[in-house]
1. Please specify each residue of region 12-38 satisfying the condition of being in contact with a Phe, Trp or Tyr (Cβ under 7 Å, 6 or more places away or on another chain) and either surrounded by 17 or more Cβ atoms within 10 Å (Cβ to Cβ) or without any contact (Cβ under 8 Å) to a residue 40 or more places away in the chain (or both).
2. Residues that are under 28 Å from Ile273 (Cα atoms) and either modelled with pLDDT under 95 or basic (Lys, Arg) (or both), at least 1 per element: which strands (runs of 3 or more DSSP E) completely within region 1-109 meet that?
3. Using the structure shown, decide if Arg160 is under 29 Å from Ser178 (Cβ atoms), in contact (Cβ under 8 Å) with a residue 12 or more places away in the chain and either more than 16 Å from ligand 4 (Cβ to nearest atom) or surrounded by 13 or more Cβ atoms within 10 Å (Cβ to Cβ) (or both).
4. Considering region 286-309 alone, what residues qualify as being surrounded by fewer than 19 Cβ atoms within 10 Å (Cβ to Cβ) and either free of Cβ contacts under 8 Å to residues at least 40 places away in the same chain or aromatic (Phe, Trp, Tyr) (or both)?
5. Criterion first (at pLDDT 95 or above and surrounded by fewer than 19 Cβ atoms within 10 Å (Cβ to Cβ)) does Asp112 satisfy it?
6. Say whether the condition of being surrounded by 12 or more Cβ atoms within 10 Å (Cβ to Cβ), within 29 Å of Thr225 (Cβ to Cβ) and of a type in the set (Lys, Arg) is met by at least one residue in region 50-62.
7. Could you please let me know if Leu321 is hydrophobic (A, V, I, L, M, F, W, C) and touching a helix residue (DSSP H, G or I) at 6+ places or on another chain (Cβ under 7 Å)?
8. Against the definition (at pLDDT below 95 and over 15 Å from Met126 (Cβ atoms)), how does Asp234 come out, yes or no?
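The values are calculated or read from the model by the stated rules, or taken from the named source; none is laboratory data. Since the model is a prediction, treat every value here as computed from it, not as a measurement. All Cβ positions, glycine included, derive from the backbone under ideal geometry; neighbour counts span all protein chains shown.
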Amino acid sequence: MKLKKIKYLWLDGYDTPNIRSKTKYVEIEGDVDIDAIPEWGFDGSSTMQAEGKNSDCILKPVKLYRNAMKIFDLYPNCCNHIVLCEVMNPDGTPNESNTRFRLRELSEKYEDSEMWFGIEQEYVIMDSKTERPCGWPEKGFPLPQGRYYCGVGGNVVQLRKLIEEHAGICIQTGIPISGTNAEVMLAQWEYQIGPSSPLSVCDDLWVARYLLESVAEYRGPYYITLDPKPIKGDWNGSGAHINFSTKHMREESDVDYINNVIKELEKTHKEHILEYGLGNEDRLTGNHETQHIDEFSSGNSDRGASIRIPMSTAKESKGYLEDRRPASNMDPYRAVAMIVETIGDV
Ligand code: ADP
Ligand code: MN
Ligand code: MN
Ligand code: MN
């Protein structure tokens, strides 16, 4: 078949970026290669990426995925391929919203550090009809938190089928999902991606977010909220912990190095928070396994700290660290770029 159905994905210009997509039918013989996929345009004035008077923006294909939704026969008319794009201005410069461009530069600069990142994406599955988390009563609340985290059974988890389907599709699409679990609030879940290189983990997270929305649309009508505090009160918010390491941290037992990395993170705490997602102050309250947004702390196995030193890292003085501050709705290009910049010269 010559005609290939290709889904172009990009991020819009909102403060919390949304995924946008449109479909192009392209005649390509045989296997599809990224070089065979043409650039495309769109109306940037409808996505906060351009003025109305001069609204053309360019979609520059940067990473190609074979869409495994096809294999899973979830939706027979879905696209053969997904292509992630950077948004460029008509003169070829990166659009102001193009946060990937900056991470690309930084990860090249610090390539020799061989940094790895693993991201834990938490989210809540919402019922489109009731606009409530799935399985929640239409009025009032389900049983208080306690049994939901890593829970088993239909009374404590909702839509396991959907999350397993998503993980399977991601893996077949080439996205390295390393785990999934039910989270502390009913209808809240998590998947982990990586560890992989800075750019790769961020690209893959955006496409995993897109695939999750797609599965939710087709299996629902459901949708996903990445709101860091979807339900106020005594309910956990959603985060996106970023685990990171450098080659040195993974291979050499060096407690001074680890302490210096943490010191740099402490010095730059305020700048990091600015890159870690909007509405995070509602989540980082100092309760519900978080440190307060205005405080910085680190600790061995401490889930109430900004930076958790995993037990194995503390024991061997090597391994990786976990930054627990990023919110579920963070733009990974911005959050990871901040970490790369802060630790790159340690
Ligand atoms: P927890 O819920 O206990 O915080 P998870 O098992 O959910 O931990 O997530 C651990 C994350 O750490 C995964 O995303 C994994 O990819 C990542 N990770 C593991 N080893 C490394 C490493 N050496 N460098 C960076 N990230 C790592
Ligand atoms: Mn986790
Ligand atoms: Mn979690
Ligand atoms: Mn974690």
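1. Across region 12-38, the qualifying residues are Arg20, Lys22, Lys24.
2. Counting at least 1 such residues, we get 19-27.
3. Working: under 29 Å from Ser178 (Cβ atoms): yes; in contact (Cβ under 8 Å) with a residue 12 or more places away in the chain: yes; either more than 16 Å from ligand 4 (Cβ to nearest atom) or surrounded by 13 or more Cβ atoms within 10 Å (Cβ to Cβ) (or both): yes.
In short, yes.
4. Within region 286-309, the subset surrounded by fewer than 19 Cβ atoms within 10 Å (Cβ to Cβ) is 286-289, 292, 294-295, 297, 299-304.
Gly286, Asn287, His292, Asp294, Glu295, Ser297, Gly299, Asn300, Ser301, Asp302, Arg303, Gly304 - these are the residues of region 286-309 that are surrounded by fewer than 19 Cβ atoms within 10 Å (Cβ to Cβ) and either free of Cβ contacts under 8 Å to residues at least 40 places away in the same chain or aromatic (Phe, Trp, Tyr) (or both).
5. yes
6. No, because not a single residue in region 50-62 is surrounded by 12 or more Cβ atoms within 10 Å (Cβ to Cβ), within 29 Å of Thr225 (Cβ to Cβ) and of a type in the set (Lys, Arg).
7. Considered against the rule, which asks whether it is hydrophobic (A, V, I, L, M, F, W, C) and touching a helix residue (DSSP H, G or I) at 6+ places or on another chain (Cβ under 7 Å), Leu321 comes out as yes.
8. When the stated conditions are applied, Asp234 passes them.
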